[in-house]
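In what follows, a structure is listed as C-alpha cells, so that the remarks can point back to it.
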Amino acid sequence: MSTQKDTVRLLLKSVVTRLENNKSISFPPRLRQVVQDEIHNLVGPYILTDEDIRDKALTRMGLKSEAVQDAGASENDAFKAAKAVVKGQIGEHELNGFYFQRPLKDVAATIAQYFMRSSHIDDVYETDEDLEKLIIDVVKKFDASQLH
C-alpha cells in the first residue's frame, strides 16, 4: 500500500492519541485538533509519502523530459530513474512508506519539545528521553491499513 499525504496527518494524530491514552501527556479535549495541527505544521514537512516521492519524480522528469527523449529511454524507465534519484536525495530514513527528511529520532525530539513547551499541553508525565522513545515506538508500529 502506498502512503498518501493524508497518512502523515493520521500518523501524527496517532502519536497524540497514543500518548494521551498512555497518560504520558494531558491537555483539554477541546484543544485536541489544535495540538494535532500544530504538530503536523511542525514536523509534517519533514515526512514525505510515496505520493510526495511520485510527485517529485514527475516534476524532475518534466524538467528533464528532453534529455530522457534524446536518450531513447522509455518513460517508465525514466520515471523509475527519477524516483531513484529523489529517494537517493532523501537518504536512508524510510519507514513504513514514510520518508523522513531528518532522522526519526530528531523528529521525535522536535515533537517531545513541543509537548514540553506548548501552552496547550497541561502536563507531560514522561522525561524527554522516554517521550521520544514512545513517539518512535508509535511511528514504528503505525499501520495506516489498520485504521480503516
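The values are calculated or read from the model by the stated rules, or taken from the named source; none is laboratory data. Because the structure is a prediction, the values reported are computed rather than measured. Heads up, the Cβs are rebuilt from the backbone with ideal geometry, glycines too, and the neighbour counts pull from every protein chain shown. Only protein heavy atoms, including side chains, enter the accessible area calculation; ligands, DNA and RNA are left aside. Shrake-Rupley method; radii C 1.70, N 1.55, O 1.52, S 1.80 Å.
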List, please: which pairs have Cβ atoms under 9 Å, are six or more places apart or on different chains, and start with a residue in segment 118-129 that is surrounded by fewer than 12 Cβ atoms within 10 Å (Cβ to Cβ) and end with one that is assigned to a loop (DSSP other than H, G, I, E, B)? ASP122/PHE27; ASP122/PRO28; ASP123/PHE27
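Identify the residue in segment 88-106 that is of a type in the set (A, V, I, L, M) and closer than 15 Å to ASP137 by Cβ and, among all such residues, is modelled with the highest pLDDT.
That would be LEU104.
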Count - residues of segment 1-53 that are outside any helix (DSSP H, G or I) and either within 21 Å of ALA109 (Cα to Cα) or of a type outside the set (A, V, I, L, M) (or both): 13
Just a yes or no: is a residue in segment 88-99 part of a helix (DSSP H, G or I), closer than 20 Å to GLN36 by Cβ, open to solvent by 50 Å² or more (accessible area, probe 1.4 Å) and of a type outside the set (Asp, Glu)? no
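Hey, can you tell me all the residues within segment 131-142 that are part of a helix (DSSP H, G or I), open to solvent by less than 70 Å² (accessible area, probe 1.4 Å) and over 18 Å from PHE27 (Cβ atoms)?
The answer is GLU132, ILE136, ASP137, VAL139.
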The condition of being of a type in the set (Ser, Thr, Tyr), modelled with pLDDT under 80, closer than 26 Å to LYS5 by Cβ and loosely packed, with under 14 Cβ neighbours inside 10 Å holds, among SER74, SER145, only for SER145
